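The values are calculated or read from the model by the stated rules, or taken from the named source; none is laboratory data. In this text, all values refer to a predicted model and were calculated from it rather than measured experimentally. Using ideal geometry, Cβ is built from the backbone for each residue, glycine included, and neighbour counts are taken over all protein chains shown. When the accessible area is computed, the model is the full protein with side chains, heavy atoms only, and any ligands, DNA or RNA have been set aside. Shrake-Rupley method; radii C 1.70, N 1.55, O 1.52, S 1.80 Å.
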Amino acid sequence: AAVDVVFNGEIRQVPLIQRWGVAQLVTSITGTLVYPLDTIRRSMMMQAGQNNARFKSSLGCGQAIWRGSGYRGFYRGLHANLMRSVGGACMLVLFDEVRHHLSTV
């Protein structure tokens, strides 16, 4: 896990807030990296079931977004997604805590 790498395996000596900070950083970076693919997926889903589909493929959808808005079009709504990642970071830290406590029982 990223926390083990950052803290050299001494995860139990690291304060909870620092472990959450690393988890938040990881979820934010990965969320930002995959967000363009998520944008394409959402655009394709919005046209599903329509008779006159705007996009024939994911590649065509990506090209239309690029032509219409440039690279910023792929990241529209990213801020809300990053706010949602706070809960994901909390779950990662909580999972590690529960796993540690269950292994000591």
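Details
- Given a 1.4 Å probe and the protein chains as shown, residue 79 ends up with an accessible area of around 150 Å².
- Stokes-Einstein translational diffusion, segment 20-80 - Kirkwood Rh over all Cα pairs, 0.890 mPa s, 25 °C, in µm²/s: 193 µm²/s
- Built from the Cα atoms of the chain, the convex hull projects on average onto 9.0 nm², one quarter of its surface area.
- On Cα atoms only, tilt of 78-103 relative to the major axis of the chain in degrees: 30 degrees
- Taking the chain and dividing mean pair separation by its residue count, relative contact order in percent (alpha carbons under 8 Å, at least six apart): 34 percent
- Residue-normalised accessible area of segment 7-105, expressed per residue, 1.4 Å probe, Å²: 73 Å²
- Neighbours of residue 32 by Cβ distance under 14 Å: Lys/Arg scored +1, Asp/Glu scored -1, total +2.
- In this Cβ point-charge picture (+1 for Lys and Arg, -1 for Asp and Glu), the chain has a dipole of about 660 debye about its Cα centre.
- Toward the positive end of the charge dipole of the chain, with +1 on the Cβ of Lys and Arg and -1 on the Cβ of Asp and Glu, the farthest Cα among 100, 15, 47 is that of 47.
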